[in-house]
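Notes follow once the structure below has been shown.
The values are calculated or read from the model by the stated rules, or taken from the named source; none is laboratory data. As the structure is a computational prediction, the values presented were derived from the model and not from experiment. Positions of Cβ are generated from backbone atoms using ideal geometry, with glycine treated the same way; all protein chains shown enter the neighbour counts. Only protein heavy atoms, including side chains, enter the accessible area calculation; ligands, DNA and RNA are left aside. Shrake-Rupley method; radii C 1.70, N 1.55, O 1.52, S 1.80 Å.
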Amino acid sequence: MKTYTYTEKKDTRSGFGAGLTELGRTNPNVVALCADLIGSLKMDQFIKENPERFFQVGIAEANMMGIAAGLTIGGKIPFTGTFANFSTGRVYDQIRQSIAYSGKNVKICASHAGLTLGEDGATHQILEDIGLMKMLPGMTVINTCDYNQTKAATIAIADHEGPVYLRFGRPAVPVFTPENQKFEIGKAIKLTEGTDVTIVATGHLVWEALEASKVLHEKGISVEVINIHTIKPLDEKAILESVAKTGCVVTAEEHNFLGGLGESVARTLALHNPTPQEFVATNDTFGESGTPAQLMEKYGLNSASIVEKVQTVIGRK
Amino acid sequence: MSRKKTNNLNMPNTQQLEDLTTQVRRDILRMVHKVNSGHPGGSLGCAEFFVALYSEIMDRKDHFDMDGIGEDLFFLSNGHISPVYYSVLARTGYFSVDELNTFRLINSRLQGHPTTHEGLPGIRIASGSLGQGMSVAIGAAQAKKLNGDQHLVYSLHGDGELQEGQNWEAIMYASAKKVDNLISTIDLNGKQIDGATDDVLPMGSIRAKFEAFGWTVIDIEEGNKIEAILKGMAEAKAETGKGKPVCVLLKTMMGNGVDFMMHTHAWHGKAPNDEQLESALAQNAETLGDY
């Protein structure tokens, strides 16, 4: 079995900051907007190097989305930055009308997605954002797994014409993908080959899936781990090919099971190859205060939960 | 049809513009009557403004492109007055006047509220859900500055629409960031769907509010008179480039030009029946040919 190791832990949002900084140097049309969270979004270096291409809008996310839509009318490629909750639910109508329906080339970059805002509690967390964004016609939805992938995705989406939702978290997580990787929107990445079960994971649950696969390997279960960084458009081919071989699937994400990756996978399977599936996701609940590690454990978003669901799903084959 | 201006601001042919306005009124009435839906009241109230804007005030390129670099731009925030927008766009050369026939019909580019979705030339943003247009206009104005483009951005908003909070985020931002290539016009007709704005949610002095937020404010008291609009907008234009965004308070009459539609909010979102259409058209004799 192919194994993955990591040398350091870094936050994915710093990957966003690094990608944005690089774009600032290479693409003169890239502009950035922020709603009073420059430090949280790691936008400092971009701003330092390109002050004229940065727009601080203050605590006014609806206005930020409208301005971003307007900046595209003139050829700019706006990257908006705030927490995931305030990047989606708070401004859904603005994104829907002024960005998605209007087909504007805005990149909605959202940090602190899921439960990772920890102690701040449910008001600052969001477990519904993938669903909200993937329901919008024409919206591309990306959820990256580590620093390197987030950086690569940030750079890649500047060349993609159309609205994009790019989601990442707060805490430092293992860096295990290659440094200078090519990021292909909509192309799943198979991390391990296996025959007994497919684990389709997104975001920092990808690392947890790799950890789970090691434990399962020791139990004699052969696992295929697929990294779904792009939830929409979904790489259905990669999923169906893997499931044809393994016959069952566990999806893993830091999101409500309603509206997330698991639901997209379930639809694909229902249409093409009905297959037993188990979900590692939150169970239609809001989050709460706690350390991120405590929350991951309480809401079952870790490798132990993945192992448990794999054993369940194999029993259903 | 060329979309270049035929006159300059010093010597506008106002009779020509009056004729165009009358025809635009006919278009509006016929469009909403045909599908028995749409918003004639606010559309009629803004007919003179749209005609003046597209015929005389804005500097426009011969061809339409989404980025609009090198020309003035207009954004309609209160998208429900789409009939006047579509009519004026068609009659100033963006698309065939015949296409007004398809308003609100299935498979039409003339959706109930304007959209880029169907690729209608002249439209650069969808609007309908209220309160979003000023933010978009600000973004477009800032893009112009980044591009070194000296042209202006115009926007139009309903007075009732100012009840949407996003406007106030945008109003605060525009002055703070010195967006002085923006002229936002408020259609002050004092009416919204449920009644007079002063009854639904009194907003006090809109002038005082804009001034308090650091905007330059220009009044156009006779907002249904072409000459007054041209004069007021020229004044507004002269105020651009001075570090402040410019607000035009355009006082209009909802339903203007049709006696039974004036002095009431009843025609905000209601179409005339056959008899009412006949009466309304009789009050606005054909000038440039119906579509």
Inside region A:14-98, counting only helices (runs of 4 or more DSSP H) that do not spill past its ends, which hold 2 or more residues that are within 11 Å of chain B (Cβ to nearest Cβ) and touching a Gly at 6+ places or on another chain (Cβ under 9 Å)? A:61-72
Expected single match for in contact with a helix residue (DSSP H, G or I) (Cβ under 6 Å, 6 or more places away or on another chain) and open to solvent by 30 Å² or more (accessible area, probe 1.4 Å) among A:GLU218, A:GLU208 is A:GLU208
Within region A:126-147, count every residue that is surrounded by fewer than 24 Cβ atoms within 10 Å (Cβ to Cβ) and either in contact with a Cys (Cβ under 9 Å, 6 or more places away or on another chain) or not β-branched (Val, Ile, Thr) (or both). 9
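Each row is one residue, and each column tells you yes or no for (1) open to solvent by less than 10 Å² (accessible area, probe 1.4 Å); (2) touching a residue at least 60 places away in the same chain (Cβ under 8 Å).
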{"position": "A:HIS229", "(1), (2)": "yes, yes"}
{"position": "A:LEU234", "(1), (2)": "no, no"}
{"position": "A:GLU254", "(1), (2)": "no, yes"}
{"position": "A:PHE257", "(1), (2)": "no, no"}
{"position": "A:ALA266", "(1), (2)": "no, no"}
{"position": "A:GLN277", "(1), (2)": "no, no"}
{"position": "A:THR291", "(1), (2)": "no, yes"}
{"position": "A:LEU295", "(1), (2)": "yes, yes"}
Those residues that are within 25 Å of B:LEU201 (Cα to Cα) and in contact with a helix residue (DSSP H, G or I) (Cβ under 6 Å, 6 or more places away or on another chain), I need them from region B:137-156; list them, please. B:SER155
Just checking, which of A:LEU136, A:LEU166, A:LEU132 is touching a Phe, Trp or Tyr at 6+ places or on another chain (Cβ under 9 Å) and either on the phi > 0 side of the Ramachandran plot or assigned to a loop (DSSP other than H, G, I, E, B) (or both)? A:LEU136
Cβ-Cβ under 8 Å, sequence separation 6+ or interchain: first residue in region B:259-279 and on the phi > 0 side of the Ramachandran plot, partner aliphatic (A, V, I, L, M) and surrounded by 12 or more Cβ atoms within 10 Å (Cβ to Cβ). Which pairs? B:HIS263/B:MET253
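For every residue, the table says whether it meets (1) at pLDDT 95 or above; (2) within 12 Å of the chain's Cα centre (by Cα).
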residue: A:THR123; (1), (2): no, no
residue: A:ILE126; (1), (2): yes, no
residue: A:ASP129; (1), (2): yes, yes
residue: A:LEU132; (1), (2): yes, no
residue: A:ILE155; (1), (2): yes, no
residue: A:HIS160; (1), (2): yes, no
residue: A:TYR165; (1), (2): yes, yes
residue: A:GLY169; (1), (2): no, yes
Restricting attention to region A:99-127, which residues are more than 14 Å from chain B (Cβ to nearest Cβ), assigned to a helix (DSSP H, G or I) and not small (Gly, Ala, Ser)? A:GLU119, A:ASP120, A:THR123, A:HIS124
Restricting attention to region A:53-76, does a residue exist that is at pLDDT 95 or above, hydroxyl-bearing (Ser, Thr, Tyr) and farther than 30 Å from B:ASP72 by Cα? no
Kindly list the number of the only condition in (1) of a type in the set (Val, Ile, Thr); (2) within 30 Å of A:LYS219 (Cα to Cα); (3) outside any loop (DSSP other than H, G, I, E, B); (4) touching a Lys or Arg at 6+ places or on another chain (Cβ under 6 Å) that fails for A:THR192. (3)
Pull up region A:1-52, narrow it to residues that are among the β-branched types (Val, Ile, Thr) and closer than 25 Å to A:PRO171 by Cβ, then point me to the one that is modelled with the lowest pLDDT. A:THR7
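Matching residues to (1) touching a residue at least 40 places away in the same chain (Cβ under 8 Å); (2) buried (at least 19 other Cβ atoms within 10 Å of the Cβ); (3) among the polar types (S, T, N, Q); (4) more than 14 Å from chain A (Cβ to nearest Cβ):
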{"position": "B:GLU56", "(1), (2), (3), (4)": "yes, yes, no, yes"}
{"position": "B:GLY79", "(1), (2), (3), (4)": "yes, yes, no, no"}
{"position": "B:LEU120", "(1), (2), (3), (4)": "no, yes, no, no"}
{"position": "B:GLY128", "(1), (2), (3), (4)": "yes, no, no, no"}
{"position": "B:ILE138", "(1), (2), (3), (4)": "yes, yes, no, no"}
Going by what's in this entry, would B:VAL88 be described as part of a loop (DSSP other than H, G, I, E, B), crowded, with 24+ Cβ neighbours inside 10 Å and modelled with pLDDT of 95 or more? no
Which residue pairs have Cβ atoms closer than 9 Å, lie 6 or more positions apart in sequence or on different chains, and pair a first residue in region B:161-184 that is away from chain A (no Cβ under 12 Å) with a second residue that is in a loop (DSSP other than H, G, I, E, B) and among the polar types (S, T, N, Q)? B:GLU161/B:SER77; B:GLU161/B:ASN78; B:ASP180/B:THR240; B:ILE183/B:THR240; B:SER184/B:SER77
Quick one: A:TYR101 ticks every box in (1) in contact with an Asp or Glu (Cβ under 8 Å, 6 or more places away or on another chain); (2) open to solvent by 20 Å² or more (accessible area, probe 1.4 Å) bar one, so which box is it? (1)
Please tell me if A:GLY66 is out of contact with any Leu (no Cβ under 8 Å at 6 or more places or on another chain), open to solvent by 20 Å² or more (accessible area, probe 1.4 Å) and under 28 Å from B:VAL153 (Cβ atoms). no
